[in-house]
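As structure tokens, the structure follows; a few thoughts come after it.
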Amino acid sequence: MTNITEEHEAANIKSSFLRVKVHTMNPKSILKNQLYGNLDESTNEWTDGVLAIIVRNCAESTTPDRKWVMFDGPVDAVWIENMNTVLDDNKKLCLNSGAVIKLSPVMTMMFEVDDLSFASPATVSRCGMVFLEPHQLGYTVLIISYLNKFSAIIPEKVFQTLESTFHYLCDLCTQFAHYNLKMPQPAGFNTIVHNLIAIFDTFVADWFVEGATIPSDAEDKMMNALIFAATWAVGGKADEHTRESFNVFM
């Protein structure tokens, strides 16, 4: 057991990458007292909140792994004000109980938000933020990252056909949807392509199971699945008045 542990640690040291443990939460899904902690006025007893527990566990951890505390939700003044001492040079989480939790050097507080409509300038100035408009990021990366796994299981010629057809069909369908379709629930290009990939994947997921064999007519199956996925990912979102035009288009 000792030898295995030493070899494992040595492998981690030699690796050019560090392990990262991500703790994700939506701060708007719970009350502020549940996030930071609450003082019971009847018993005068303090109970730590979700964030306080996560930060304390990460700060007390002795492993060299990186710890990311990810706030995946809206930023507003209701809960962010208590984070001021965490985000500045002090790097300490101060609770109403008087407890102070010092962040360790391997800890990072991260925010993944849809917009900064309700974030104060003080919050923005304390965070290094990278904001990407959906049209700047594009959906090409979604297609490329998904199709990469096919390169190892299908012939090169079939893969090139699948890749070119995937890009071609996504380009046509998203542009047609943008100019000709009305959607009861608006969806961006990235969402449409993501849904298309998810539907397509249901037809080929079994191919990646250990011991599975690729069918001889894999190219035909993938082309049919791609057309089906495009029809439902785009046409399924269109309202009843514009859906017929998409049917004609397809």
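Quick notes
- Chain lengthening between Glu156 and Lys21 when straightened (0.36 nm per residue, less Cα-Cα): 45.0 nm
- Between the C-alpha center of segment 45-101 and that of segment 208-231 there is a gap of 47 Å.
- Rounded to the nearest 20, the Cβ-based charge dipole of the chain about its Cα centre (Lys and Arg +1, Asp and Glu -1) stands at 420 debye.
- Computed over the chain with a Gaussian network model linking Cα atoms closer than 10 Å, the most mobile of Gly49, Gly188, Gly211 is Gly211.
- Distance between the pseudo-spin-label points of Asp76 and Asp89 (7 Å out from Cα toward the beta carbon): 3.3 nm.
- Order of His135, His194 - criterion: other Cβ atoms within 10 Å of each residue's Cβ, fewest first: His135, His194
- Whether the chain is rounded, prolate or oblate, judged on the alpha carbon gyration tensor where a/c under 1.5 counts as rounded: oblate
- Around Ser120: net Lys/Arg minus Asp/Glu count, Cβ-Cβ under 12 Å: -1
- Net charge contributed by nearby residues that have their C-beta within less than 15 Å of Thr191 (K/R +1, D/E -1): -1
- The modelled label-to-label distance between Tyr179 and Glu45, using points 7 Å beyond Cα along the C-beta direction, is 6.7 nm.
- If you sort the three axes of the alpha carbon gyration tensor as a ≥ b ≥ c, you get a/c of 1.5 or more for segment 114-250 and a/b no higher than b/c, which makes it oblate.
- Long-range amide H partners of Met107 with built H, under 5 Å: Lys67
- The chain: relative contact order as a whole-number percent, Cα under 8 Å and 6+ apart: 14
- Debye intensity ratio in log₁₀ form over the Cα atoms of segment 18-131, taken at each q of 0.19 Å⁻¹: -1.06
- Applying 1/(1 + (r/R0)^6) with r as the Cβ-Cβ distance of Gln136 and Asp115 and R0 = 22 angstrom yields a FRET efficiency of 0.90.
- Sequence of Met83, Met183 once ranked by neighbouring C-beta atoms within 10 Å, starting from the fewest: Met183, Met83
- Note on the chain: lysine pairs with Cα distance below 13 Å, sequence gap of 8 or more or different chains, count 4.
No lab work stands behind these numbers, since they all come straight from the coordinates. All of these numbers come straight from a predicted model, not from anything done at the bench. Neighbour counts are summed over all protein chains in view; Cβ atoms, including those assigned to glycine, are modelled from backbone coordinates with ideal geometry.
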